[in-house]
Amino acid sequence: MRMLHVLIRRFRSLFHRTAQDAELRREIDLHVEQLLRENRAAGMTEAAARRAAQLQFGATEARLDQCRDERRVQWIEDIGRDAGYALRLMRKSPAFTLTALLSLALGLGANTVVFSVYNALLLKPLPIPAADRVVFVDNSGRTSNSYPNYREMRDRNAVFSSLFAYRMAPMALEGNGGGGAAADRVWGYLVSGNYFEGLGLKPVVGRFFTPAEDGQPSASPYAVITYESWRNRFGGDPDIAGRQVRINGMPYTVLGVSPRGFHGTELFYWPEVFVPMAMQPQIEGHSWLDNPNDFDAWIGGRLKPGITTAEANANLATVAAQLVHERPVNDGMRLTVAPIGLGGSTLHQPTAAFGGGVLLLAMLVLLAACANLAALLMARGVDRERDLAVRVSLGAGRGRLVRQLLTEAITLALLGAAAGGLLALLLLRLLNHWRAPVDFPIRFDVSPDLRVFAVSLASAVATGVLFGLGPALRARKAVPALRLKGERHRGPGRLAARDFLLPVQLALCSLLVTTSLVAGRGLAASMQSPLGMQPDGAAMVGYDFGLAGYTRERALQLQRRVVERVSQLPGIAAAAFGSSVPLSIDQSHTSVWRDGTTAFRNKTSLSANYYDVSPGYFAALGTRLLAGRDFDDRDSAQAPAVAVVNETLARRLAGTASAVGRRFMLGKGETVEIVGVVETGKYNAITEDPTGALFRPMAQQYNPTMVLLARGRRNETDMAIALRGAVNQLDPHLAIYGVGTLRDMLGFVYLPMRAAVITLGAFGILALMLSFTGIFGLSAYAVSQRAKEIGIRIALGAGRREVLQSVFARIGLLVAIGAAAGLALGAAGAGLLASVVYAAGNGQPVIIAGAVAAVGAVALAAAYGPARRVLRTDPLRSLRYDG
Amino acid sequence: MPKPSDLIQGTLDLLILKTIAARPLHGWGIAKRIQSVSGEVFAIGQGSLYPALHRLEQQGWIAADWRDSELGRAAKFYTLTRAGRKQLERELESWSRLSSAMQLVIQQA
């Protein structure tokens with residue numbers, strides 16, 4: 001603390017030099033005046049009095065100088081001088097500087113990018129007041145809960161000052177002044193009336209709706225729009241509050257605009273419109289608000305002041321126990337609080353795990369860069385030793401030398417950080433502006449904030465200290481007399497601590513190369529893994545018959561006519577409708593029970609992805625039928641309920657893949673016959689375990705959201721346009737969304753993996769570069785250290801081979817140690833990836849061994865250069881050693 | 001942390017700290033007081049008082065402010081700070097150790 005005061009005072013004196021000098025002069029003048037007066041009073045003449053005063057006080061100017069020395073901010077000036085000297089040195093050896101700056105820029109830049117993303121996903125709070133008090137309520141590790149459950153939780157809990165529900169929903173918005181009658185399909189939120197109140201938001205324009213305005217079903221046509229929507233879609237209309245718009249064909253009143261930057265309570269999803277939950281039946285076409293079996297609401301809340309997470313969980317457990325008791329469907333329900341923003345713990349946990357893993361790898365890259373730079377600095381230190389020795393013999397303190405070398409290292413690190421920071425900013429800008437090629441308002445806000453800046457700066461300084469400390473401490477032990485002669489006071493035989501820089505670096509690089517190889521191979525494997533469909537050669541267009549006000553009969557009719565028309569288009573082999581396609585964002589899940597079940601409890605249920613499809617769906621999707629038949633006209637609404645299941649669900653329901661003719665049960669006790677079995681594919685994610693899937697004929701199980709899917713030999717994009725045209729001819733007013741190819745849509749599923757592969761691939765390449773430069777530097781250093789010994793050997797007649805052998809033996813040993821450590825680290829690193837990268841676990845030993853071998857080979861190749869140079873040197877010269 | 005001061009410098013610091021411990025004084029006052037209390041022994045080199053005052057101020061042991069003085073105009077008055085008081089105790093202690101050690105050596109040698 002006191003040190004701080006002294007520092008502050010000294011800093012101040014740096015800037016107030018002249019003022020302090022003037023003050024001091026006044027003080028001294030006063031003193032001298034008093035002396036004069038005394039002397040005069042003692043009866044001296046004026047001249048004698050002056051002379052005596054001079055003698056008594058001493059030379060005024062010298063005193064002033066002494067005072068200035070006392071308050072001089074010695075070390076700050078030293079640092080400035082050292083940094084200047086460091087910059088001059090860097091200019092003198094551009095090759096070294098460039099290598100060092102490059103590794104630093106890459107290492108630190110990679111860290112900044114990774115940390116920014118990590119920060120955005122896991123650390124940055126949502127843009128709401130006191131965001132740390134707002135949490136998500138998880139339902140047994142799942143995201144959603146039923147609305148009846150929500151109502152009970154809201155009324156019975158004792159820990160939330162406000163508990164709200166929300167749900168993402170597409171909406172057809174008209175009347176935004178964009179011209180024309182066509183509706184825009186936008187994404188919005190259905191929210192309970194207390195949503196804005198609970199979040200503590202203040203509208204920028206107008207007002208929000210209140211709990212009272214979320215009452216009667218379909219009788220609260222109010223909307224709140226986001227700031228971005230207001231600016232972009234409504235041109236920032238100052239009279240927006242009270243304006244009429246149409247949502248799904250019904251008039252709504254815009255009440256207000258949410259604050260700038262606010263985009264709901266999920267990080268990735270950027271909605272435009274908020275509508276009261278009471279409007280759900282009108283927005284989604286079917287009501288689940290009173291259905292305890294429909295788990296479609298996401299729940300979040302603001303904790304009361306002083307309530308801890310543990311207290312909240314305890315209270316929620318009590319409420320959950322009551323709900324389980326009252327509604328059998330809630331069987332096994334656990335309610336827990338989780339961070340809000342990533343779909344509760346479902347996405348949060350894997351994101352945190354993977355984010356942490358990548359952060360760790362990024363730090364390892366930086367560590368490898370540190371080891372690399374330490375090696376380079378030591379190698380260069382050979383040249384610097386004589387310079388340092390001269391300084392020591394001229395009286396420089398050892399501590400002063402250490403400080404100088406550290407300043408040099410930190411200057412280098414800060415320059416590298418600046419370059420890396422620029423790279424990172426560029427990359428982050430790209431990421432910020434990137435939009436996923438999917439029909440979903442996905443966005444990342446990874447703009448770096450103060451925290452990112454602080455962490456980057458801290459890691460730059462830490463890096464500088466880390467790689468500068470070794471060489472600096474060595475300088476402290478410099479023995480001037482020996483160094484000036486070019487001697488070393490240490491024999492070449494022993495392994496010193498710094499020799500382990502090489503193995504450390506190799507091990508780290510092996511790890512990084514391993515992970516990037518595992519990731520790359522995972523991507524390749526997943527591209528080839530059976531998806532249960534043929535993504536190439538198919539196009540799709542999405543419609544919402546519910547939004548367009550179609551009845552079930554009219555929709556099915558139109559659907560049949562569309563399929564007929566599309567099938568007649570040239571080059572189309574198959575066309576069909578489905579409620580959705582596997583691996584798209586829109587996935588529904590349902591529970592089924594084995595035949596003969598009487599108690600429909602959670603524990604005995606089997607979960608399956610659920611699709612309502614028209615005949616020909618499997619052909620259009622490219623899914624193979626393993627047994628039985630596809631749906632056809634027989635499966636009408638009046639006919640017995642039938643289903644097609646995938647092989648996995650067939651085995652789970654019937655214990656065998658040949659399950660045609662067997663029955664299973666839906667929740668309401670309805671029995672369904674299996675008429676076909678299709679191959680198992682991927683439904684939710686590429687990396688998922690085999691998952692059950694259930695297909696029902698659309699004639700028996702209607703769903704207003706539909707995807708028209710067609711397969712053919714034509715260009716996929718042309719086909720998509722043709723599909724759209726065909727539907728347009730039949731109904732020009734039907735709103736269309738998500739026109740594209742099946743392959744495009746899969747882009748979203750591959751997204752996390754692509755991101756992982758790109759990051760890790762970049763790390764791998766970085767690691768290889770680092771190991772090459774680092775090992776080159778180290779071997780150059782090792783060889784130059786032994787130049788004298790090698791010179792003697794050559795002079796005594798040693799051959800090329802013996803000399804090379806002796807050089808390589810040592811480096812080989814270090815490489816071997818590093819490789820062994822790399823094997824262990826690689827295995828651990830590959831394990832980390834299993835959750836994100838497809839088939840990360842397969843064939844690991846081969847990959848790890850290959851990665852380590854690659855790094856080892858690079859190491860030896862890098863060592864060859866310096867070793868060969870030794871052979872070419874003149875023994876006499878290396879004996880004399882003159883640099 | 002403060003470097004161990006050599007004997008002369010340390011002595012001067014101790015004298016200054018001790019002198020202003022009783023009440024705040026300006027440079028001239030400190031010089032006069034040391035002079036009179038020490039029986040005119042410490043009369044020479046009054047100028048060296050100022051670098052010492054400066055050093056002590058930089059260390060945060062004394063604080064200074066300009067006040068009206070009995071000399072007819074404003075003078076810089078030095079006050080002992082809390083840290084300065086601790087430092088004075090330390091210096092007194094080490095001084096008494098040193099002087100008693102000196103005493104022993106002189107008597108027994």
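Per-structure values
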read-out: Elements of type helices (runs of 4 or more DSSP H) in segment B:8-109, at least 1 residues being away from every other protein chain (no Cβ under 12 Å), without any contact (Cβ under 8 Å) to a residue 60 or more places away in the chain and over 27 Å from A:Gly58 (Cβ atoms); value: B:82-108
read-out: Yes/no for A:Ala314 being free of Cβ contacts under 8 Å to residues at least 24 places away in the same chain, crowded, with 19+ Cβ neighbours inside 10 Å and part of a helix (DSSP H, G or I); value: no
read-out: Near pairs, Cβ below 9 angstrom, 6+ apart or cross-chain, from segment A:186-206 (in the same structural domain as A:Val245 (by TED's automatic domain parsing) and closer than 21 Å to A:Gln216 by Cα) to any residue that is in a helix (DSSP H, G or I) and acidic (Asp, Glu); value: A:Leu190/A:Glu284; A:Gly193/A:Glu213
read-out: Residue that is nearest to A:Tyr550 (Cα to Cα), among those in segment A:723-759 that are basic (Lys, Arg) and modelled with pLDDT of 75 or more; value: A:Arg724
read-out: Scan of segment B:43-84 for residues that are among the charged types (D, E, K, R) and touching a helix residue (DSSP H, G or I) at 6+ places or on another chain (Cβ under 7 Å), ordered by number; value: B:Arg55, B:Lys76
read-out: Which listed residue is out of contact with any Cys (no Cβ under 6 Å at 6 or more places or on another chain), surrounded by fewer than 22 Cβ atoms within 10 Å (Cβ to Cβ), on the phi < 0 side of the Ramachandran plot and among the charged types (D, E, K, R), from A:Arg696, A:Arg634; value: A:Arg634
read-out: Residue count for segment A:606-640, restricted to those that are part of a loop (DSSP other than H, G, I, E, B) and under 18 Å from A:Arg552 (Cβ atoms); value: 9
read-out: Condition met for A:Asn194 (within 25 Å of A:Pro732 (Cα to Cα), touching a strand residue (DSSP E or B) at 6+ places or on another chain (Cβ under 7 Å), crowded, with 18+ Cβ neighbours inside 10 Å and of a type in the set (S, T, N, Q)); value: no
read-out: Answer residue from segment A:23-52, given it is in contact with a helix residue (DSSP H, G or I) (Cβ under 7 Å, 6 or more places away or on another chain) and at the interface with another protein chain (Cβ under 10 Å from one of its Cβ atoms) and is nearest to B:His54 (Cα to Cα) among those; value: A:Leu24
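The values are calculated or read from the model by the stated rules, or taken from the named source; none is laboratory data. No experiment lies behind these values; they were computed from the predicted model shown. In this analysis, Cβ positions are derived from the backbone assuming ideal geometry, glycine residues included, and neighbour counts consider all displayed protein chains.
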